[in-house]
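The values are calculated or read from the model by the stated rules, or taken from the named source; none is laboratory data. Being a predicted model, the structure only gives us computed values, none of them experimental. Neighbour counts run over all protein chains shown; Cβ positions are idealised from the backbone, glycine included.
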Amino acid sequence: MSIPPFLFYLAGALVLPLIPKGVMRSLFLLLVPVLALTQFVLLPFGEYANAELYGYTLILMRLDALAYAFSLIFSIAAFLAALFAWHIRDTTQQVATLVYSGAAIGAVQAGDLITLFCFWEATAFASVFLVWARRTTGAYFTGLRYLIIQMLSGLLLLAGVILHINATGSNLFVQFPDMSLAAVLILLAFGIKCAFPLLHDWLQDAYPASTATGTVVLSAFTTKLAVYALARGFPGLEVLVYIGALMTLFPIFYAVIENDLRRVLAFSLNNQLGFMVVGIGIGTPLALNGTVAHAFCHILYKALLFMSMGAVLLRAGTTKGSELGGLYKSMPYTMIFCVIGAASISAFPLFSGFISKSLILSATDKQGYTLVWLALLFASAGVFHHSGIKIPYFAFFAHDSGIRCREAPWNMLLAMGLTALLCVGIGIFPQPLYNILPYDIPYFPYTADHVVFQLQLLLFSALAFTVLMRTGIYPPELRSVNLSSDIVYRKWLPKFLLWTWGGIEQFIVSITTPLRRESWQAFRNIGIVLGNDRGSGAMLLWVGVLLVLLLTLTYVAR
Amino acid sequence: MNEQPRFLLSRLLQRIDSPLGAKRIYYVLLVVCGLLVVVGALIPHHDAYGMGAIVARIPGFYGIYGFVMCALLVLVAKALRRILMRPENYYAPHAIDSEEIQKDGESST
Amino acid sequence: MFATILPAALLAQLPVLQVAIPLLAAPVCVLLGRGRWVHDFSLLVTAVVAITSLALLQLVLGGGDASYALGGFAPPWGIEYRIDPANAVILLLVSVSGFLVLLQSRTSIEAEIPKQKHPLFYTAFLLCLTGLLGVAATGDAFNAFVFLEISSLATYALVATGKSPRALTAAFRYLILGTIGASTFVIGIGLLYMATGTLNMSDLATRIPASPHHAVIQAAFALIIVGLGLKAAIFPLHFWLPNVYTFAPMVVTIFLAATATKVALYLLARFVFVIFEDASFAGMLLMPLALLAMFLASLAALQQGNVKRILAYSSIAQIGYMFFALALASTQAVAAAWLLMLTHALAKGGLFMAVAGIALQTGSSNLDDWKGIAKQMPWSAAVMVVCLLSLVGVPLTAGFVAKWSLLVAIFSTSGSIILVAVVAAASLLTLLYAGKILETIYLGTPDEQRATANLREAPLAMLVTAMLVAAMNIYFGLNGTVLSDLSNRAALALLSGF
């Protein structure tokens, strides 16, 4: 009799407000992921908890290799994030984190579509509180945008699930055999949460808007949940190869010119998701292994990078490259951890990225996707450039900004240290990770070829950076924002709606102004439709209008 | 800026945080890159397939690819900046970019 | 269960008892004076009424419609009370709402209404309850008008007892619009009587197709829709609602939000489906209005600063969903409409109960004054979270069951994916104002004065009832079949005629 792990998180979230703030709560937050982990870490694969809802059978806990790997890394991430956030006393953030991580683990272990949908919505609803947790006006609106987009993903998923169940009669979450309308809707839903091109803006919008600790939590779950869902539902779907390739390319350009370093990390996240999506698209056992391994390592080193930037945000008050620099003097340990994270994401030999990214690259080459392979190579060089070099350089080195602050608090350093240890540990001893991958394929990343060529790629990229800096060609960090496709709903759509509404109002005013009769001028108060409180006359006018309309219609229709 | 930072590590790093130090790093990097090209040409290539096997025979392919693509990346990004860059308060107050800096803000909310 | 306990003679009287008990109890409240007895007495009466409607529901679900001829005069000449699953559900909704509202309202009434007006207040409340129950229970068209007016007049009085000086204006506006609506309605009924010679609903249903006076009947139809539409706050006849909800005493707002518009919608559905039987063209007019309601009302809700106003516009939007479903006119759609009515009553009732508690303690119902209130009143805030989630339609809440069945009904009735998409998009708008409220109460930073004030949680009765309603939202969300089955039975009964 095993209890689904998500119940621990849910129970924890309900119990948390009753625990006094301080050490007890922080310990509790560390305990919950550990307890939940024990429920499934040694469990043999299979289906466990079933339930009945709305007449359907729900499978609350399905454990196979894919689900196991993701559940494991989500639990580790929840633990590390709780350690990083030890000092937080904000109940809302803590409850939201518990519900969010629990829902993510629940979704990964969901065996059927309805359960998946419930947890999908839960992750969206819980995580928006982490965005709002910053408690500023900008964060409030950013959170609203985030919420709408995530719920849109949920709605698409709901529509797809309804259609799918209608068509096939089964609600099991397995690979979709063909691209029916239901499958397309579900793919779109997954794509939104996975930050597909043109559906990606929420990622760069919302993640930097959260608090120092909130962003670490946000980065770990939503997007990797989407990767899991894609790997489960659409492995081998060829269009994903090209979508993924696109995803690896466009963010690296933005990352170069972006000022907010946490937004650079968000672009970098998008780029790395592209690698995973390419792996899913290729669909061979090697590629899927690569995706899972990459997701595993990525959660760790991305969390590490966000942690280091979170520490900088906490102490220096900003993560804007234009305002930072010379922090190695005040925060050297944070710098070391940041460099370790940077080396991991760049896939330096002896770090975790090296042993995971190569799986995907090998698979791409083996299947003959030459252009895609070249694009991935370019993306690898690019990611080293903006995450490997730019972030540590502009935050901790570059010109001295004059900021002197304390080093990060002990809990942040410990969390970063543990994560860094894992990154390096997996890099040096990849076999334990390879053992939990879905397919049993022997792979040896440390061949002379691979090490030398990767070092070539990376160090020549570093050389390019140095040359560009020395010649002054490299663009400086400037306080700015860069436009992206979200300008459609952030600027154009509101302007368009206001313009239309204004036009309608103008039109009505221009018609009614020549009218002499006072009573007809009441039409001008069209604003009453939107809630402005006008006189009874206007109200009655609408009654009259509707009555006339209805009477005419009944006469005409019969 | 002559004050001594508290940490040993920082003091060590301060030694290279100077124009001379940066130049030294640059030269070291050049040398290492050259060495890598040489080593890359000499080692046996066993396990590459497809395109990987072809480019493996070109000495320094990965290096040149990395250098060129990175340089292109930066140049294109710089050009993109001309089209895409906007002042920080472009989306204000609906975004966080132009918000006030808060030091040690949310340490114990 | 009730069928075995109660004697058959009593069972036969249930339809009229349902209405007669609160009617007779109302003047007793005046006699009881202003002591504490009047509240307890009213509570007892509503409890009995609730049990009666539960018994009726069981009776009707078990077999056959319950019918009662008033005064022994057989229909169609006499007035008939006719209960089938459709209105039994509504009766249960109204009576249970009345009970729960009174259960939690003692402190609220004492705070908002001057002592000397208490007897009259409870009298008016019971009369309002009588009226709503009568509208739902009756099988006679003119009798429906009578009870509609009884409930309306009582409502005008109830609204006017609000503390704010604007309560009077709100009541007055409501009176004008309500009277016009009722008059339009009664003119329509009069025209029907003229064309068919009967007032009994089932008799009308048989005589209308046979009648030669087509034009008269069409006019009557239009008039009845407009008249009832005004009572049901169908866009664009909704203008009275925001002010009434905002300025009436909290008790009245909770009760009205849960029941009044639903009863009017029920009566509209009864007329359209049972009496007129073919209303598809009116549906064509009402559907775009419903869509406008969903979007515009949600947008209007966003702009409001007063929580009660936000929820009032939210109600208008939700009513838009309900009459969209009715306009679709299939069995599934009507079942969805009934589900929406039930779950909306649960969600909105719970929300207003929590709002009542918070407004009582903070002394204001402006959202700006509630920043960060969740720290000082965590349980009330929790109730608001659950009920807002139910309003949005998040899975595992009652609201989700209703939204799901609505979307399925739209798709299977019209086959149009676009329509489904539009309705789904409208529900996203609900998120916006729900998010606004949640963000403010959990993450807002209160000003100094409020933060240091020693705000306690809401009074126990209010809090416990609100939590009970919130729990019901979750219970019916997990156990969706209970409400679904009821709604299906109701829809079948409605569409198969009297």
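As for segment C:252-269, it holds no residue that is more than 21 Å from the chain's Cα centre (by Cα) and either crowded, with 21+ Cβ neighbours inside 10 Å or not in a loop (DSSP other than H, G, I, E, B) (or both). For the subset of segment A:278-333 comprising residues that are of a type in the set (S, T, Y) and in a helix (DSSP H, G or I), which member is nearest to A:I257 (Cα to Cα)? The selected residue is A:S308. Of everything in segment A:3-43 that is in contact (Cβ under 8 Å) with a residue 60 or more places away in the chain and in a loop (DSSP other than H, G, I, E, B), the residue that is nearest to A:Y68 (Cα to Cα) is A:P4. The residues of segment A:363-383 that are in a helix (DSSP H, G or I) and within 8 Å of chain B (Cβ to nearest Cβ), listed by number, are A:D365, A:K366, A:T370, A:W373, A:L374, A:L377, A:F378, A:A381, A:G382.
Screening segment C:198-216 for residues that are free of Cβ contacts under 8 Å to residues at least 24 places away in the same chain and not polar (S, T, N, Q) and picking the one that is nearest to C:I275 (Cα to Cα) gives C:R207.
Quick grid of which residues meet (1) within 19 Å of the chain's Cα centre (by Cα); (2) closer than 24 Å to A:T222 by Cβ; (3) assigned by TED's automatic domain parsing to the domain that holds A:L421; (4) not hydrophobic (A, V, I, L, M, F, W, C):
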site: A:M307; (1), (2), (3), (4): yes, yes, yes, no
site: A:V312; (1), (2), (3), (4): no, yes, yes, no
site: A:G317; (1), (2), (3), (4): no, no, yes, yes
site: A:G326; (1), (2), (3), (4): no, no, yes, yes
site: A:M331; (1), (2), (3), (4): no, no, yes, no
site: A:M335; (1), (2), (3), (4): no, no, yes, no
site: A:A343; (1), (2), (3), (4): no, no, yes, no
site: A:L359; (1), (2), (3), (4): no, yes, yes, no
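Here the condition is being in the same structural domain as A:G310 (by TED's automatic domain parsing) and in contact (Cβ under 8 Å) with a residue 40 or more places away in the chain; of A:V264, A:V239, A:V216, it holds for A:V264 alone. The numbered conditions (1) of a type outside the set (V, I, T); (2) touching a helix residue (DSSP H, G or I) at 6+ places or on another chain (Cβ under 6 Å); (3) assigned to a helix (DSSP H, G or I); (4) buried (at least 18 other Cβ atoms within 10 Å of the Cβ) are all true for C:S427 except (2).
Per the listing A:L553, A:L457, A:L549, the residue uniquely modelled with pLDDT of 85 or more and surrounded by 14 or more Cβ atoms within 10 Å (Cβ to Cβ) is A:L457. Does C:A300 satisfy being touching a helix residue (DSSP H, G or I) at 6+ places or on another chain (Cβ under 7 Å) and within 11 Å of another protein chain (Cβ to nearest Cβ)? Yes.
This table checks each residue for (1) closer than 17 Å to A:G106 by Cβ; (2) buried (at least 20 other Cβ atoms within 10 Å of the Cβ).
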residue	(1), (2)
A:G12	yes, yes
A:P17	no, no
A:P20	no, no
A:T38	yes, no
A:V41	yes, no
A:E47	yes, no
A:A51	yes, no
A:T57	yes, no
A:A69	yes, yes
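Note on segment C:133-151: residues that are out of contact with any Gly (no Cβ under 6 Å at 6 or more places or on another chain) and either surrounded by fewer than 21 Cβ atoms within 10 Å (Cβ to Cβ) or not aliphatic (A, V, I, L, M) (or both) total 9.
Here is the figure for segment C:24-41: residues that are closer than 17 Å to C:I150 by Cβ and in contact with a helix residue (DSSP H, G or I) (Cβ under 6 Å, 6 or more places away or on another chain) total 4. It is to be established whether one or more residues within segment C:202-216 are surrounded by 21 or more Cβ atoms within 10 Å (Cβ to Cβ), more than 30 Å from C:E112 (Cα to Cα) and within 12 Å of chain A (Cβ to nearest Cβ). Looking for residues that are surrounded by 21 or more Cβ atoms within 10 Å (Cβ to Cβ), more than 30 Å from C:E112 (Cα to Cα) and within 12 Å of chain A (Cβ to nearest Cβ), one finds none in segment C:202-216, hence no. Considering only residues in segment A:466-498 that are under 24 Å from A:K320 (Cβ atoms), more than 7 Å from every other protein chain (Cβ to nearest Cβ) and touching a residue at least 24 places away in the same chain (Cβ under 8 Å), the one that is farthest from the chain's Cα centre (by Cα) turns out to be A:P476. Please tell me if C:A195 is surrounded by 18 or more Cβ atoms within 10 Å (Cβ to Cβ), touching a residue at least 24 places away in the same chain (Cβ under 8 Å) and over 25 Å from the mean Cα position of the chain (by Cα). Yes; evaluated as a whole, the condition is true for this residue. One residue stands out in segment A:115-138 among those that are part of a helix (DSSP H, G or I) and at pLDDT below 90: the one that is surrounded by the fewest Cβ atoms within 10 Å (Cβ to Cβ), namely A:T137. Scanning segment A:174-208 for residues that are in a loop (DSSP other than H, G, I, E, B) and either buried (at least 16 other Cβ atoms within 10 Å of the Cβ) or not hydrophobic (A, V, I, L, M, F, W, C) (or both) yields A:Q175, A:F176, A:P177, A:D178, A:S180, A:C194, A:A195, A:F196, A:P197, A:L199, A:H200.
Any residue in segment C:348-362 that is modelled with pLDDT under 90, polar (S, T, N, Q) and more than 30 Å from C:D485 (Cβ to Cβ)? Yes: segment C:348-362 contains one or more residues that are modelled with pLDDT under 90, polar (S, T, N, Q) and more than 30 Å from C:D485 (Cβ to Cβ).
Of all the listed residues (B:I58, B:I54), the sole one being in a loop (DSSP other than H, G, I, E, B) and either more than 17 Å from the chain's Cα centre (by Cα) or at the interface with chain A (Cβ under 7 Å from one of its Cβ atoms) (or both) is B:I58. Just checking, does segment A:281-292 include any residue being more than 19 Å from A:I436 (Cβ to Cβ), in contact with a helix residue (DSSP H, G or I) (Cβ under 8 Å, 6 or more places away or on another chain) and not basic (K, R)? Yes, the conditions are met somewhere in segment A:281-292.
Only residues that are hydrophobic (A, V, I, L, M, F, W, C) and more than 9 Å from chain A (Cβ to nearest Cβ) were counted in segment B:13-36, giving 5. Residues that are in a helix (DSSP H, G or I), crowded, with 24+ Cβ neighbours inside 10 Å and hydrophobic (A, V, I, L, M, F, W, C) within segment A:395-422 comprise A:A395, A:F396, A:M412, A:A415, A:M416, A:A420, listed in sequence order.
The set of residues in segment A:223-262 that are farther than 24 Å from A:N289 by Cα and outside any helix (DSSP H, G or I) comprises A:E258, A:N259, A:D260. When A:T168 is evaluated against the numbered criteria (1) at pLDDT 90 or above; (2) more than 11 Å from every other protein chain (Cβ to nearest Cβ); (3) out of contact with any Leu (no Cβ under 6 Å at 6 or more places or on another chain), which criterion, by number, is the only one it fails? Here A:T168 meets the rest and fails (1). I need the full set of residues from segment C:195-226 which are in contact with an Asp or Glu (Cβ under 6 Å, 6 or more places away or on another chain) and of a type outside the set (S, T, N, Q), in order please. Selection gives C:L199 alone.
Say whether the condition of being buried (at least 20 other Cβ atoms within 10 Å of the Cβ), part of a loop (DSSP other than H, G, I, E, B) and on the phi < 0 side of the Ramachandran plot is met by at least one residue in segment C:398-409. The answer is no; no qualifying residue exists.
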